[in-house]
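Presented below is the structure to which this report refers.
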Amino acid sequence: MTDTNAVLGYAWPMIVSAGEKIAFHLSSPTLKTAEATLVRVRCADPDPAGPGIRVTEMAAPINGAVGLTQQPLLPGSCAVVADAPALIDFQSFTVGAFIWPTMPGARAQTLISRWHDGSGGWRLGLDEHGHLEFVLSVKSETWRVATAQPLVVREWALVGGAWDAQARILRVMIRSLDNQGGRERRATVEGKGPAAMQWPMDLPLVIAAQATKDVASFGAFYDGKIDRPRLYAEALGIDALRQLCDSYEITPADAQLVAAWNFSLGVATSIVTDLSTNRLQGALRQMPARGMTGANWDGSSDRWTERPDQYGAIHFHSDDMADAGWTPTAKFTIPKDWRSGFYALRLRAQPAGGDPVESFVGFFLRADIGKPRAPLAFVASTGTFLAYANSALRMDQVHAEAMLEGLLTLSRDDLYLQEHRELGLSTYDTHADGSGWCISTGKRPILNMRPRGNVFNYGNDTHFIDWLEETGQDYDIVTDDDIHWHGLQVLKPYRCVVTGSHPEYISREIWDAFDAYQQGGGRHMYLGGNGFYWRIAYHPTEPHIIEMRRGMTGLRTWEGEAGETALAFTGEPSSTWRSNGRPPQRLVGVGFDAQVFMHSSPYRWLEGAKQANLKWLTDGIDLDKPLGDFGLRGNGAAGVEVDRFELTLGTPPEAVWLATADRLGYGGTPAPEEVRTLHRGVMGDQNAQVRADLVYFPTANGGGVFSTGSIAYVCALSHANYDNNISRLTGNVLKRFLDERPL
């Protein structure tokens, strides 16, 4: 069995142009060297029933033996405030914040600290039982006070720690903000402290963690929200602290105010802003979730842009992972004459007495914007690849097997992710505290965006690339990222643009670019299912980072908290495009309606396909026979996730309904938005709305759209050595769409 994870890595940038530099950041806990080879990917799916892994080795100076070391992954988010004179220019002080803990009692966690394991300091946090504690330390001597009761999970509370140097009193205090039913929880615990404190030097203040022994790394990460942290150079009680923390208004003349951080400012950035005159700004590590409801959120708005004062919280996670931070192992400048495409660095080794190693690090070589080398462009769905990056859905084996009604064989990648959550998971997964992952980045190893990885999305899409290579059709590769940042000018030079098996995660900028392209006479082949479904945002300044919020609609594996559906990166509403007034039918004629994972089905031709003016589309195809009664995903071309023709949701009235797979049978599960109430008859064996539809329609200025409404479609192209009716149909449409004559 091939070991795919003895070497891991990521390419940065994830997307490059010919002539640009790329770096490979590699790590291995067991290997000292591996044989590296740059390859152009034709097919990434190892399924022996299909074409198999197909790559072309590229001549490159980095090919050959590459040295390896183990590079650690250090997950966990926090805010780091660099050392400053203002942080040590006092004796008595109070530190406090509103907090909403999500894992009290799981382990010791730090809320706010200026602490070093070797030289002491102070920290406010939760002990291993979930009790609030405040600790002072001078070298090896420690003073601690703690509450008798643990904090309540997912309940807002004001917490604080105070040191009265003159009275030598150490104080920890808490007041619950949840007074429903007349209850009230508050506590103040005092104890004796040191005669004097000696503040450690050259040490940062950290919010949601504490510095470890080497100071450059952090530990004791907190899981939960923090809102309005404050630091005062005097010892306060809980009532005075509440009054000061409640207000966003800061009095600059307050000589006792050391810092007042306002997390409602700079929501789209990694900067935390201090309103005090000391300007103790901080930097966020590992990109926690921002634009989150604060302790004062009253439900009057569900968007942070409307009431920023009620969205002053950051949700920190002990497993946040945005940047692996690995040192580059090898660097390379892409030759100017290389074709665009899916590429990877292949790493091979044969350990003594172990399984052979073959691992890949994927990346994308884009076509130069505005300089097409071919009339056809295939879009790499990098937004979707990031959304599913390191998806651990299959790790929930009980859920997956219940859904599939069969046994599930876990791959080595599945098992590796189960043991190594520090890689950072996908937007389908939940953090350790149960909240959803809403941010995904490319600056970390991604196991399912490479050859041999779990084939959903990336692997499926390479079946179309394999078909293009087999048929001799020249093409360029462009990416979602390029379309988002550069808009219509990426698509406009191409006579035809193809989106693959699952272009599910789309920003407004990408949607607008496709809409403009189609209205301007462009031809669009959408060869997938469940496309143009979720609305996402890209980080405004950092590359290859997406954000999404699942909200309360759509087929989802988690729901965000009430009031938290607006995207932090842009302030736009997230959720599905349908709930944002743009059902996919408006753009591509069909839209997501169901999953069917147990099997796939053929299409049957409808009367629309027999129109005389569409003979170019059906040329050489027997319309009396099923279309696609074969394929690598469930033995059919219509399956996995499917889309339907629906005039009431925006399918253009001039659209031709060519074929349908409306007999998907038992196991076809409709999307939640398709089921307004539950009753017998909503499953695929009884619900006429659970189907995959094949649609064609002309657009303005001689353009056109062809949509297949099925993820499984492209995985049927290679059947019978590419001599089949799915291959023939795809070729007919592509030939006509590349023809300059108006449609």
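The values are calculated or read from the model by the stated rules, or taken from the named source; none is laboratory data. Values in this document were obtained by computation on a predicted structure and should not be read as measured data. Counting neighbours? That spans all protein chains shown, and the Cβs are built from the backbone with ideal geometry, glycine included. Ligands, DNA and RNA are stripped out before the accessible areas are found, and what is left, the full protein with its side chains, is counted by its heavy atoms. Shrake-Rupley method; radii C 1.70, N 1.55, O 1.52, S 1.80 Å.
Summary of computed values
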read-out	value
Neighbourhood net charge (14 Å Cβ-Cβ; Lys/Arg +1, Asp/Glu -1) for residue 87	0
Estimated FRET transfer efficiency when R0 is 22 angstrom, pair residue 18-residue 69 (beta carbons, to 0.05)	0.15
Space enclosed by the convex hull of the alpha-carbon atoms of segment 290-330, per residue, Å³	102 Å³
Area of residue 131 that stays accessible when all protein chains are in place (1.4 Å probe, Å², to 10)	40 Å²
Trypsin sites (Lys or Arg not before Pro) lying in DSSP loop within segment 64-155, provided at most 13 other Cβ fall within 10 Å	139
Prolate/oblate/rounded call for segment 1-51, Cα gyration tensor, a/c under 1.5 rounded	oblate
660, 273, 142, ranked by accessible area, largest first (probe 1.4 Å)	142, 273, 660
Kirkwood Rh and Cα Rg combined as Rg over Rh, evaluated for the chain	1.02
Residue-count net charge about residue 29 - beta-carbon cut-off 13 Å; Lys, Arg +1, Asp, Glu -1	-2
Heavy atoms of residue 88 accessible to a 1.4 Å probe, total area in Å² rounded to 10	50 Å²
Loop sites in segment 249-320: trypsin sites (Lys or Arg not before Pro), DSSP, at most 13 other Cβ within 10 Å	279
Kirkwood hydrodynamic radius of segment 1-136, Cα pairs, Å	20.7 Å
Tensor-based shape of segment 101-242 (alpha-carbon gyration tensor, a/c under 1.5 rounded, otherwise prolate or oblate)	oblate
Distance violations [Cα-Cα > 30 Å] among 492/615; 21/213; 21/735; 625/735; 331/371; 492/735	21/213; 21/735
Residues residue 419 and residue 144, FRET efficiency given R0 of 35 Å [Cβ-Cβ distance, rounded to 0.05]	0.50
Segment 225-264 - Rg (one decimal) and Dmax (whole number), Cα, Å	9.9, 29
Label-point separation in nm, residue 155 to residue 327, each point 7 Å along Cα→Cβ	4.9 nm
In nm, spacing of pseudo-spin labels at residue 516 and residue 432 (7 Å Cα→C-beta vector)	4.5 nm
Shape category assigned to segment 422-545 from the gyration tensor of Cα positions, a/c cut at 1.5	oblate
Relative packing of peptides 226-232, 344-350, 524-530, 430-436 - highest average C-beta neighbours within 10 Å first	524-530, 226-232, 344-350, 430-436
Whole-angstrom gap from segment 513-577 to segment 52-98, using each part's C-alpha centre	28 Å
Two-site FRET efficiency, residue 647 against residue 607, from Cβ-Cβ distance with R₀ of 22 Å, rounded to 0.05	0.85
Paramagnetic reach from residue 58 in segment 456-488 [backbone N under 13 Å; point 7 Å along Cα→Cβ]	477
Simple label model, 7 Å out from Cα along Cβ direction - residue 355 to residue 373, nm	3.6 nm
√(5λ) per eigenvalue of the Cα gyration tensor, segment 427-487, largest first, Å	29, 17, 9
Surface share of carbon and sulfur [accessible, 1.4 angstrom probe, percent] for the chain	50 percent
The chain - charge dipole about Cα centre, Lys and Arg +1 at Cβ, Asp and Glu -1, debye rounded to 20	600 debye
Kyte-Doolittle mean at least -1.0 and Cα axial length at least 18 Å: DSSP H helices in the chain	458-471, 725-738
Accessible solvent surface per residue of the chain, calculated while the other protein chains remain in place, 1.4 angstrom probe, Å²	37 Å²
